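Step one of this worksheet: look at the structure below.
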Amino acid sequence: MADITYVPTWEGWLFLAVVVDACSRCVCGWSMRDDLKADLVVDALGMATARRRPGPGLIHHSDRGGQYRSLAFGRTLRDSGILASMGSCGDAYDNAAAESFMASIKTELVKRNTFKTRDEARLAVFSYIEGFYNPQAQALGPRLPISDGIREDAQGESLTHCRGLTENSQRRWGNSTCGRFLRPRVPWT
């Protein structure tokens with residue numbers, strides 16, 4: 001899931017594009033620029049694919065922003081073997097993980113600080129994503145590790161990152177999909 005927001009500075013806007021992993025809720029790709037050109041989202045996707053090395057069939061979901069409809073971004077998706085998905089007009093619910101991250105960074109960082117320069121904002125955004133948000137997102141519950149995207153469940157079955165759950169894991173974790181939190185079923189419910 002992906003989205004774009006802006007960070008106000010005394011020098012002007014700093015634009016931030018992020019790619020949020022639907023399984024781990026970590027920001028696996030991000031980019032910052034002084035303009036809203038398509039390179040903003042292309043660079044964020046490039047970071048995400050370099051970090052996660054996804055297999056074929058991965059779906060990239062975003063809103064209908066012009067940057068996500070650009071030829072450069074479409075070419076990058078095609079070259080990476082990633083399928084494009086776009087939400088319906090005026091509906092933020094299907095992109096809720098990315099929207100939630102944007103709300104968090106705005107509330108916890110942007111609204112609490114005044115940035116004199118874009119470089120000051122860049123450093124603060126980097127520190128927030130890599131030093132606070134991603135470690136916190138991993139610690140919030142059963143998630144798949146960032147390092148290799150594979151972990152084993154209690155019975156030793158391999159769970160592949162965002163490629164579905166094994167039958168035994170579905171019994172244990174519920175019939176979840178990648179877009180939902182993986183939470184264990186509570187025995188008393």
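Can you find, within the stretch 6-50, the residue that is farthest from Tyr128 (Cα to Cα) among those that are in contact with a Leu (Cβ under 8 Å, 6 or more places away or on another chain) and charged (D, E, K, R)?
My answer is Asp34.
Looking at (1) part of a helix (DSSP H, G or I); (2) at pLDDT 90 or above; (3) over 10 Å from the mean Cα position of the chain (by Cα); (4) not aromatic (Phe, Trp, Tyr), which is the only condition Asp94 fails?
So Asp94 meets the others, but not (2).
Which one of these does Asp119 not meet: (1) out of contact with any strand residue (DSSP E or B) (no Cβ under 7 Å at 6 or more places or on another chain); (2) farther than 20 Å from Val7 by Cβ; (3) of a type in the set (D, E, K, R)?
(2)
Check Val110, Val41, Val27 and return the single one that is buried (at least 20 other Cβ atoms within 10 Å of the Cβ) and over 16 Å from the mean Cα position of the chain (by Cα).
Only one candidate qualifies: Val110.
How many residues, within the stretch 69-99, are among the polar types (S, T, N, Q) and over 22 Å from Thr5 (Cβ atoms)?
Selection size over the stretch 69-99: 1.
Among the residues of the stretch 24-81, how many are more than 27 Å from Thr117 (Cα to Cα) and in contact with a Phe, Trp or Tyr (Cβ under 7 Å, 6 or more places away or on another chain)?
Final tally of qualifying residues: 1.
When you scan the stretch 1-77 for strands (runs of 3 or more DSSP E) that lie fully inside it, which ones turn up with 2 or more residues that are among the aliphatic types (A, V, I, L, M)?
By residue number, 2-9, 12-20, 27-33.
Answer yes or no as to whether Asp34 is at pLDDT 95 or above and either crowded, with 19+ Cβ neighbours inside 10 Å or touching a helix residue (DSSP H, G or I) at 6+ places or on another chain (Cβ under 7 Å) (or both).
Yes: the conditions hold for Asp34.
The values are calculated or read from the model by the stated rules, or taken from the named source; none is laboratory data. Because the structure is predicted, anything quoted here is derived from the model rather than measured. Reconstructed Cβ throughout: ideal geometry from the backbone, glycine too, with neighbour counts over all protein chains shown.
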